[in-house]
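The values are calculated or read from the model by the stated rules, or taken from the named source; none is laboratory data. From a predicted model like this one, the values you see are computed outputs, not experimental measurements. FYI the Cβ positions are ideal-geometry reconstructions off the backbone, even for glycines, and counts take in every protein chain you see.
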Amino acid sequence: MAKPILLSTPHIGDRELEFVQEAFDTNWIAPVGPHVDAFEQEFCEVVGASHAAALSSGTAALHLALQLTGIQRGDEVFCSTLTFIASASPITYLGAKPVFIDSDRTTWNMNPELLRETLDKKAKIGKLPKAVILVHLYGQSADINPILEACNHYEIPLIEDAAESLGATYKGKSPGTFGRIGIFSFNGNKIITTSGGGMLVSEDPKIVEKARFLATQARDQAPHYQHTEIGYNYRLSNVLAGIGRGQLRVLEDRVNARRNNFAVYQQALGNLPGIEFMPEAEFGRSTRWLTCLTINPEAFGADREQVRLTLSKEQIEARPVWKPLHLQPVFSGCEYFGGTVAEELFNHGLCLPSGSNLTREDLDRVSKVILEIHQQVKH
């Protein structure tokens, strides 16, 4: 039986183990330590942020970002609809209400014109959101400037969910560093990983300082354990931060490998009828964290699900793109603004194996299966 080809697996090297061994040798196994401090500093240098707090997950970072923005029960928070549920679930942790915004076809991310139109409508009835969560999807930055301009016009904080876009650029800068707060993820499937972990960044040192405070159970400065606020157990461990430090050193290599995956797929499959790859916007560089494409069944001869299931039979993991959050049963009562762009991308979109440790043989095997599907239906 052929070996499984998975969607996006961790890619660990030797340097990570050196940092972890150092944590063991010095007995810094606790949730804080020198690797955590160094990881925060080095991450800031990589993305161009001023301040960062290393946390247990991207979801934890987003939860704190919303709380630090002042989100309260009953508030509305706008959010991209084409994304993983973790982009919106923290809104509900605080008793607030998600409002979902459709995508544009150029970036697959939040539609800037639609956001501005929706904010204008909400302003007229006195129901502006208390924050906007902008997701940068599949390694591709959204068109940040017009979105930030619309938010600033109404003095609405912009929170950037850059969980999937570390290593990407928007006009030469890292997405996640434009809004009031940005968050990143180091989950096992991300472009770099700490097995589980996240980062919160901001230009405001008070925000990051408060994030660290809340993330360590909101323990007051006292010789005893004293608490005047409710906090969380959200800090990243020193051991995992050591992994992150090693991973940061190969971030650019990982980006190049994933972009090479995309180039191989595009060369093999790009001329097939009905196949369209996720575009790369002209304003920046996508990491191609996942290589995504859409399949027009009439032109290609098979639909997205038929292709996915055929790949699965060959021990190849491929997944549909995110199901839009406004279509999720758990958010069935939430407002949604837009058309059918995100829904169409979900209905036709497929994510191909994209790990930075895939071999050329792996990529060719994936491509061959898809080519054979088309050849069979053509005849």
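Quick notes on this structure:
- For the stretch 243-255, the criterion of being closer than 30 Å to D37 by Cβ, crowded, with 17+ Cβ neighbours inside 10 Å and of a type in the set (G, A, S) is met by at least one residue.
- Enumeration of residues in the stretch 312-353 that are part of a helix (DSSP H, G or I) and aliphatic (A, V, I, L, M): L325, L327, V330, V341, A342, L345
- Meets criteria (free of Cβ contacts under 8 Å to residues at least 40 places away in the same chain, part of a helix (DSSP H, G or I) and in the same structural domain as N145 (by TED's automatic domain parsing)) for F178: no
- The conditions of being within 15 Å of the chain's Cα centre (by Cα) and within 20 Å of H35 (Cβ to Cβ) are not met by V208.
- Qualifying residue in the stretch 43-56 (condition: of a type in the set (V, I, T) and within 16 Å of G198 (Cβ to Cβ)): yes
- Residue within the stretch 193-206 that is modelled with pLDDT under 95 and surrounded by fewer than 24 Cβ atoms within 10 Å (Cβ to Cβ) present: yes
- The one condition in (1) surrounded by 15 or more Cβ atoms within 10 Å (Cβ to Cβ); (2) outside any helix (DSSP H, G or I); (3) free of Cβ contacts under 8 Å to residues at least 40 places away in the same chain; (4) among the charged types (D, E, K, R) that R288 fails to fulfil: (3)
- Subset of the stretch 267-283 (residues that are in contact (Cβ under 8 Å) with a residue 12 or more places away in the chain and either aromatic (F, W, Y) or assigned to a helix (DSSP H, G or I) (or both)): A268, L269, F277, F283
- Subset of the stretch 334-379 [within 29 Å of A86 (Cα to Cα), surrounded by fewer than 20 Cβ atoms within 10 Å (Cβ to Cβ) and out of contact with any strand residue (DSSP E or B) (no Cβ under 9 Å at 6 or more places or on another chain)]: G339, T340, E343, N357
- Residue check, T69 at pLDDT 95 or above and within 30 Å of N347 (Cβ to Cβ): no
- When A86, A163, A123, A150 are checked against the criterion of being assigned to a helix (DSSP H, G or I), under 20 Å from P320 (Cα atoms) and either among the aliphatic types (A, V, I, L, M) or touching a His at 6+ places or on another chain (Cβ under 9 Å) (or both), a single residue qualifies: A86.
- From V77, V20, residue being touching a helix residue (DSSP H, G or I) at 6+ places or on another chain (Cβ under 6 Å), more than 23 Å from A168 (Cα to Cα) and modelled with pLDDT under 95: V20
Every residue, every condition in (1) crowded, with 24+ Cβ neighbours inside 10 Å; (2) over 28 Å from Y170 (Cβ atoms); (3) among the polar types (S, T, N, Q); (4) touching an Asp or Glu at 6+ places or on another chain (Cβ under 8 Å), yes or no:
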site: A38; (1), (2), (3), (4): no, no, no, no
site: S50; (1), (2), (3), (4): no, no, yes, yes
site: A54; (1), (2), (3), (4): yes, no, no, yes
site: S57; (1), (2), (3), (4): no, no, yes, no
site: A60; (1), (2), (3), (4): yes, no, no, no
site: T69; (1), (2), (3), (4): no, no, yes, no
site: Q72; (1), (2), (3), (4): no, yes, yes, no
site: S89; (1), (2), (3), (4): no, no, yes, no
site: V99; (1), (2), (3), (4): no, no, no, yes
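- Unique residue being free of Cβ contacts under 8 Å to residues at least 12 places away in the same chain, of a type in the set (D, E) and either touching a His at 6+ places or on another chain (Cβ under 7 Å) or within 19 Å of E203 (Cβ to Cβ) (or both) when the list is E45, E40: E45
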